[in-house]
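Some notes on the structure that comes next.
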Amino acid sequence: MIPVRFILADLRRLWAGSLVIVLLIGLATALGIAVGIQERALRLGSARAADRFDVVIGAAGSETQLVLSSVFLQAAPLTLLPGQVLKKLAEDPRVDWAAPVGFGDSFQGSPIVGTTNEFLTDKGRRQLLAGHVFEKRTDAVAGALVDLQPGDTVKPIHGLPGEGGHSHDELAYTIVGRLAPTGTPWDRAILVPIEAVWSIHGMGPAGAHAESDHAAAGDHDHDHDGAQDHAAADHLGPPWSAGVPGVPAIIVKPKSIAAAYQLRQEYRAETTVGVFPAEVLTRLYATLGDARLVLTAIAIGTQALVGAAVVLVSVVHLSQRRRQIGALRALGAPRAAIFGVVWVELLLLIGLGVALGVGLGYLGAKVAASFFTVQSGIVLPVTLEASDVGFAAVLLLVAALIALIPAWLAYRQPPAAALRA
Amino acid sequence: MVALQLSDVRVSFPGLDAPVLDIPRLEIAPGENVVITGPSGSGKTTLINVITGLEKPDQGTVRWGDIDLVPLTESQRDAWRATHVGLVMQEFHLFPGLSAIENVLLPVRFRVFSVPAELRGRAAALLERVGLKRHDQRIETMSRGEMQRVAVARALLGKPAVLVADEPTASLDAASGAVVGDLLTELADEENATLIAVTHDPRLASRLQRRLRLVAGRIVEDTAQTAVPPTAASAATAQQGQVTS
């Protein structure tokens, strides 16, 4: 029999050492748990972020870069696609909608992305959180995490977030709407009409003087000659004119899965590339998996070190307890009970440590995920799953086996030690 | 009630030429009171260890009644000791964090799942007998004298045939030592137990009938034939010794 009260009194007496052991084991376990949770969260979060992007078409080049730029808004200079591609896609019968995305400017750390109303609302399937979609070139719609309200003014800075650059004094946007949260990097973006991005960078038929053109067009509203100008200046989104400028990437919503495959195949050509972001992500996950392996190895190494430290501590501690254990034996405690006392005490500490570690690991992953969300906009779904608990259980089992060593040493300790002064 | 019979017992330690214990023959009758004296290093503790089964001699027999401890396994000796021997040690070996009565019951708790009520009652009665009223007092808050009295109660819980005390008064002040010494002799008598004590305490030694003197592992003096009953004077001090604090 193992007297529970004795064990509790013993642990209370050795509370400082016990606490250190519990914390050590807790932190080592937390590391392993957090790596597992975080990796899964990253996988799920990025997959969800890519959900809305069925097919992405870009100029021939790196597929990964195309996905990172368009889906995750990790902007990098992309080769422009000829405007004709956009026009052709938009008019393709297999395509529900095709939206250009144009980067290049930012405001207070948020990327300004040029696109169309079809993308904002998924062609009417999604509601805005507030306000309305683009009606003029100077309208802007803020992502859910952007700290701007309808009516606020946005003066774009040329360059990517974090980079220095000159400000575009020639144009200011006014926020007219806010998007519902999507848990993707787009929550941190400010969306503007693609036409504005073209004009601000001196591209397209409208040129750099969109506002004055617009005013002029307004003056000649019923002038037949002015119709072309009017269309270019006032009209937003498709149908595109023949002279539509180039774009870095086009997000395509096909009407069917078959269409998606056909489109991707068709645009895998000399000058263009078509990708399924989900497919590119799968390739990225393979790399991520390798990184996870390394992290897991580090976590297991840490746990092994902590395990060794705990064995060392308990063996040293045991030599200090020689007399106590001897006395228990002298008083008639069976060897098996001594074995049990040492084993159960260690197991209690290890169990507490592992439980603490699961909690800490989960919390740690949550905190890390929230930092990640603030930085990237990608919401990471942090969940504790059976596999994590299984990991903790395996850890506990291994620890229970390792704890047999000091228990065995205690078992073998001669009882006569108690009586020697 | 069992008699102790040692024959041809020898204990040697590696690296030492002479055996630390060399006893060709020793008999202790049931209920006898024996004090073991001798200079330090003379083998007193080794003798105690051998007769309680804590240590196995290199040769010889250690017979308690019909049982020879020497061929027993360690676990069998543990079990025998648990039922036959009550131990009182110089350093008490009480366990902090537990109350007085829990300390008394601790050895039993290592052997049975739940302590029977009559054993609990006996533990309380023994604590009363050694003069302790607050049975739930934490052991670490007690005086050394009180602690040793708890240890005496613990030693007697299992109605042992043999009460073995290893320098029971050496770490106590004179007054506490006197109380503990008296309790040991009285209780050994009341419980019909053989009392074997190693002590330098002349007061305790004088109360025991038989004296064994060890030098270099051998018995050089045995007063077996000259045992004297306790005097009226020492019986009187024994009455005084029952402190009720």
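In the set (1) over 17 Å from residue B:6 (Cα atoms); (2) of a type in the set (S, T, N, Q); (3) surrounded by fewer than 22 Cβ atoms within 10 Å (Cβ to Cβ), the condition left unmet by residue B:103 is number (3).
Scanning region B:68-100 for residues that are among the acidic types (Asp, Glu) and either at the interface with another protein chain (Cβ under 10 Å from one of its Cβ atoms) or crowded, with 20+ Cβ neighbours inside 10 Å (or both) yields B:74, B:78, B:91.
Of all residues in region B:52-67, exactly one satisfies the criterion of being surrounded by fewer than 24 Cβ atoms within 10 Å (Cβ to Cβ) and either under 13 Å from residue B:166 (Cα atoms) or facing chain A (nearest Cβ under 9 Å) (or both), namely B:55.
Could you go through region A:392-399 and let me know if any residue there is more than 19 Å from residue A:11 (Cα to Cα), over 25 Å from the mean Cα position of the chain (by Cα), away from chain B (no Cβ under 14 Å) and of a type in the set (Gly, Ala, Ser). Yes, that holds for at least one residue.
Residue A:127 passes every criterion in (1) of a type in the set (S, T, N, Q); (2) over 19 Å from residue A:158 (Cβ atoms); (3) at pLDDT 90 or above apart from (3). Which one is nearest to residue B:130 (Cα to Cα), of the residues in region B:165-192 that are out of contact with any Leu (no Cβ under 7 Å at 6 or more places or on another chain) and hydrophobic (A, V, I, L, M, F, W, C)? The residue in question is B:183. Taking the criterion of being in contact with a strand residue (DSSP E or B) (Cβ under 9 Å, 6 or more places away or on another chain) and assigned to a helix (DSSP H, G or I), would at least one residue in region A:279-286 satisfy it? Yes, that holds for at least one residue. Looking across A:270, A:345, A:279, one residue alone is under 25 Å from residue B:110 (Cβ atoms) and acidic (Asp, Glu). It is A:345.
The set of residues in region B:27-53 that are under 15 Å from residue B:13 (Cα atoms) and of a type in the set (Ser, Thr, Tyr) comprises B:42, B:45, B:46.
So that you can scan it fast, the table gives a plain yes or no per residue for (1) outside the structural domain of residue A:120 (by TED's automatic domain parsing); (2) out of contact with any Leu (no Cβ under 8 Å at 6 or more places or on another chain); (3) of a type outside the set (Phe, Trp, Tyr); (4) in contact (Cβ under 8 Å) with a residue 60 or more places away in the chain:
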| residue | (1), (2), (3), (4) |
| --- | --- |
| A:14 | yes, yes, yes, yes |
| A:24 | yes, yes, yes, yes |
| A:31 | yes, yes, yes, yes |
| A:36 | yes, yes, yes, yes |
| A:65 | no, no, yes, no |
| A:72 | no, yes, no, yes |
| A:75 | no, no, yes, yes |
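Any residue that is of a type in the set (Lys, Arg), touching a helix residue (DSSP H, G or I) at 6+ places or on another chain (Cβ under 7 Å) and either in contact (Cβ under 8 Å) with a residue 40 or more places away in the chain or within 14 Å of another protein chain (Cβ to nearest Cβ) (or both) - is there at least one of those in region A:46-61? Scanning region A:46-61 turns up no residue that is of a type in the set (Lys, Arg), touching a helix residue (DSSP H, G or I) at 6+ places or on another chain (Cβ under 7 Å) and either in contact (Cβ under 8 Å) with a residue 40 or more places away in the chain or within 14 Å of another protein chain (Cβ to nearest Cβ) (or both). Note on region B:125-147: among residues that are assigned to a loop (DSSP other than H, G, I, E, B) and small (Gly, Ala, Ser), the one that is nearest to residue B:94 (Cα to Cα) is B:143. The set of residues in region B:42-51 being within 11 Å of chain A (Cβ to nearest Cβ) and among the hydroxyl-bearing types (Ser, Thr, Tyr) consists of B:45, B:46.
The values are calculated or read from the model by the stated rules, or taken from the named source; none is laboratory data. This is a predicted model, so every value here is computed, not measured. Every residue, glycine among them, receives a Cβ derived from its backbone with ideal geometry; neighbour counts consider all protein chains shown.
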